[in-house]
Amino acid sequence: MPRFAMLAAALLAVMTGGPASAGDAADRAAILSGYAEQAAADDPGFSGFTAARGEDLFRTRWAGGDARTPACTACHTEDPRAQGRNAKTGRPIEPAAVSVEPDRFTDIDEVEKQFRRDCDSVLGRACTAREKGDYITFMQEQ
């Protein structure tokens with residue numbers, strides 16, 4: 001891409017909120033805040049989300065779910081910035097990393113739908129509020 005076109009694209013992104021608008025970050029922060037309130041209610045010792053626990057959740061091979069999806073990496077690959085593929089249907093899956101998909105984790109209904117389906121498939125149970133917050137926190141750093 002010529003330099004002028006790159007500069008124009010960058011300026012347009014800044015003027016329009018760009019691929020990662022402040023609204024996306026605020027919506028994600030609100031979702032995390034809700035999960036933090038829920039996590040604190042579930043566990044008075046809750047002291048915040050960590051990317052390390054989120055990465056562990058993402059990479060761990062679980063025994064309770066569907067054998068085709070023993071880990072999040074079964075569909076999302078080892079690199080959350082890469083496009084994945086649904087292990088059951090073969091359908092492409094957009095990257096989970098916020099750096100690649102800035103609007104990821106910004107719609108609470110969509111986030112809850114994904115966690116409900118994917119936690120059951122991978123873990124064989126619902127994810128806790130802490131697990132959801134940790135996962136999102138990890139994906140924000142990717």
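Summary of computed values
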{"item": "Residue within region 58-65 that is modelled with pLDDT of 50 or more, more than 17 Å from the chain's Cα centre (by Cα) and of a type in the set (A, V, I, L, M) present", "result": "yes"}
{"item": "All positions within region 95-116 that are among the charged types (D, E, K, R), more than 13 Å from ALA26 (Cβ to Cβ) and touching a residue at least 12 places away in the same chain (Cβ under 8 Å)", "result": "ARG104"}
{"item": "Of all residues in region 119-142 being among the polar types (S, T, N, Q) and within 10 Å of the chain's Cα centre (by Cα), the one that is surrounded by the most Cβ atoms within 10 Å (Cβ to Cβ)", "result": "THR137"}
{"item": "Residues (hydroxyl-bearing (Ser, Thr, Tyr) and under 14 Å from the mean Cα position of the chain (by Cα)) located in region 76-97", "result": "THR77"}
{"item": "Region 8-49, subset part of a loop (DSSP other than H, G, I, E, B) and closer than 16 Å to PHE105 by Cβ, residue modelled with the lowest pLDDT", "result": "PRO19"}
{"item": "Answer residue from region 39-87, given it is within 15 Å of ARG117 (Cα to Cα), touching a Ser or Thr at 6+ places or on another chain (Cβ under 7 Å) and not hydrophobic (A, V, I, L, M, F, W, C) and is surrounded by the fewest Cβ atoms within 10 Å (Cβ to Cβ) among those", "result": "ASP66"}
{"item": "Members of region 62-120 found to be under 24 Å from ALA22 (Cα atoms), touching a helix residue (DSSP H, G or I) at 6+ places or on another chain (Cβ under 6 Å) and among the hydroxyl-bearing types (Ser, Thr, Tyr), listed by number", "result": "THR106"}
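The values are calculated or read from the model by the stated rules, or taken from the named source; none is laboratory data. Predicted model only: the values in this text are computed from it and were never measured. Because the Cβ atoms are built from the backbone with ideal geometry, glycine has one as well, and the counts that use them run over all protein chains shown.
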